[in-house]
1. Does the stretch 176-187 contain at least one residue that is of a type outside the set (Lys, Arg), within 13 Å of the ligand (Cβ to nearest atom), open to solvent by 10 Å² or more (accessible area, probe 1.4 Å) and touching a His at 6+ places or on another chain (Cβ under 8 Å)?
2. Tell me, yes or no, whether the stretch 101-111 has at least one residue that is at pLDDT 95 or above, touching an Asp or Glu at 6+ places or on another chain (Cβ under 8 Å) and open to solvent by 30 Å² or more (accessible area, probe 1.4 Å).
3. Report yes if residue 159 is among the aliphatic types (A, V, I, L, M), over 25 Å from residue 302 (Cβ atoms) and free of Cβ contacts under 8 Å to residues at least 24 places away in the same chain, otherwise no.
4. Is it the case, given these coordinates, that residue 23 is of a type in the set (Gly, Ala, Ser), in contact (Cβ under 8 Å) with a residue 24 or more places away in the chain and either touching a Phe, Trp or Tyr at 6+ places or on another chain (Cβ under 8 Å) or surrounded by fewer than 18 Cβ atoms within 10 Å (Cβ to Cβ) (or both)?
5. What residue, of 67, 60, 82, is at negative phi and away from the ligand (no atom under 16 Å from the Cβ)?
6. Considering only residues of the stretch 119-136 that are under 23 Å from the mean Cα position of the chain (by Cα) and part of a helix (DSSP H, G or I), which is surrounded by the most Cβ atoms within 10 Å (Cβ to Cβ)?
7. Can you name every residue in the stretch 93-114 that is within 14 Å of the ligand (Cβ to nearest atom) and either farther than 27 Å from residue 243 by Cα or of a type outside the set (Phe, Trp, Tyr) (or both)?
8. Would you mind stating whether residue 312 is surrounded by fewer than 24 Cβ atoms within 10 Å (Cβ to Cβ), more than 16 Å from the ligand (Cβ to nearest atom) and free of Cβ contacts under 8 Å to residues at least 60 places away in the same chain?
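The values are calculated or read from the model by the stated rules, or taken from the named source; none is laboratory data. Note that the structure is a prediction, hence the values are computed from the model and not measured. Neighbour counts run over all protein chains shown; Cβ positions are idealised from the backbone, glycine included. We work out accessible area using only protein heavy atoms, side chains counted, and drop any ligands, DNA or RNA first. Shrake-Rupley method; radii C 1.70, N 1.55, O 1.52, S 1.80 Å.
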Amino acid sequence: MSDQHFDTRAIHAGQAFDPTTGAIIPPIYQTSTFVQDGIGGFRGGYEYNRAGNPTRTALETQLASLEGGEHARSFASGLAAEDALLRSILQPGDHVILGNDVYGGTYRLLTRIFGKWGVETTTLELSDLDAVRAALRPTTKIVWVETPSNPLLKIADIAGLAELAHTAGAAVVVDNTFASPALQRPFEHGADVVVHSTTKYLGGHSDVLGGAVVLRDDALLEEVAFQQFAVGAVSAPLDAWLTTRGIKTLGVRMQRHSENAQAIAEWAGTRPEFETVYYPGLASHPGHDIAAAQMSSFGGMVSLALADGAAAARAYVESTRLFQLAESLGGVESLIGYPPEMTHASVRGTALAVPENIVRLSVGIESAGDLIADLEEALGRITR
Ligand code: PLP
């Protein structure tokens with residue numbers, strides 16, 4: 001299986017047909033428990049749904065294969081996956097290096113939950129390798145990398161960071177939510193662990209919440225699996241099944257998301273209403289060369305800074321018609337958001353606060369022409 005092409009594995013890894021009925025699609029094992037043939041006589045190795053479920057195994061096999069990991073564990077949400085991973089690695093007194101542009105919930109989890117537990121976090125510009133080298137401490141256990149980052153689409157050099165972190169005995173964790181394994185496979189660049197909010201591109205249809213940890217290390221898998229079992233934030237069978245179904249079309253979706261986003265970013269670059277266009281597919285983006293080296297396309301997320309400031313940005317997100325105003329990203333339908341008061345409200349007033357004149361687009365797979373027309377008409381509505 002592992003030497004097959006990505007798109008083939010997306011459809012077949014972990015997805016063997018049901019041998020009892022011949023159903024082409026593996027069933028949703030909507031069950032809480034499994035009958036034992038005598039005490040401890042587990043027919044398929046399954047005992048209780050918090051410990052494992054065949055529908056979840058199907059998703060975990062698919063995820064591990066696509067990322068090029070050995071193992072994956074699927075969770076009830078991306079943050080639940082992050083929490084289990086952090087509990088598995090960190091002890092009180094440990095230190096984490098985090099990019100200075102990151103999903104607000106990750107920053108909140110590290111500083112407000114793990115901070116109380118005695119974990120220290122340093123946020124810095126991950127593209128500055130000298131700054132990262134200087135920030136590493138004997139207690140640094142994790143360099144946490146989001147690339148492209150949320151919402152400013154900053155690019156970090158995974159291989160460069162891995163070299164630095166490994167010299168200091170720290171692990172590199174990559175949140176691969178924005179790129180997905182269709183465009184970027186962090187293990188190929190030296191990462192130790194990959195995490196996902198599968199709610200986004202992997203699920204792909206805005207109908208399910210989920211998260212994943214993908215690993216290569218057996219000992220760490222054991223700890224993550226223990227945390228999952230002991231704490232309990234597992235994905236439900238139906239949620240795992242929906243995510244599996246979404247993943248089958250990941251490759252073609254990501255290609256179309258990327259093409260549409262590139263077209264929108266290029267159009268936005270011609271409009272004076274936008275003072276900055278954040279998209280790593282533009283040659284003018286400071287991380288473009290690294291992105292081109294570690295990604296196969298640049299993804300579906302674009303952020304735009306309105307030249308007329310915060311009021312214009314707030315008005316703009318309420319003026320589009322096709323782009324719906326909503327949290328989240330990665331679905332087939334286009335969304336628009338105002339990060340300072342939505343996805344990044346939790347970092348407002350901190351060192352991670354995002355510009356107040358920014359809007360974030362999750363570019364869907366509709367017709368690029370219709371999307372650009374919507375964005376253009378909305379400009380007309382706010383400048384009238
Ligand atoms: N990581 C990134 C990059 C995200 O954008 C999000 C959510 O927006 C998360 C993690 C958290 O995932 P979830 O909302 O599934 O808990």
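1. So far as the stretch 176-187 goes, yes, one or more of its residues are of a type outside the set (Lys, Arg), within 13 Å of the ligand (Cβ to nearest atom), open to solvent by 10 Å² or more (accessible area, probe 1.4 Å) and touching a His at 6+ places or on another chain (Cβ under 8 Å).
2. Within the stretch 101-111 (the criterion being at pLDDT 95 or above, touching an Asp or Glu at 6+ places or on another chain (Cβ under 8 Å) and open to solvent by 30 Å² or more (accessible area, probe 1.4 Å)), the answer is no, since none of the residues qualifies.
3. The answer is no for residue 159.
4. no
5. 60
6. Among residues in the stretch 119-136 that are under 23 Å from the mean Cα position of the chain (by Cα) and part of a helix (DSSP H, G or I), the one surrounded by the most Cβ atoms within 10 Å (Cβ to Cβ) is 132.
7. Of everything in the stretch 93-114, those that are within 14 Å of the ligand (Cβ to nearest atom) and either farther than 27 Å from residue 243 by Cα or of a type outside the set (Phe, Trp, Tyr) (or both) turn out to be 98, 99, 101, 102, 104, 105, 106, 108, 109, 110, 113.
8. So residue 312 fails the test.
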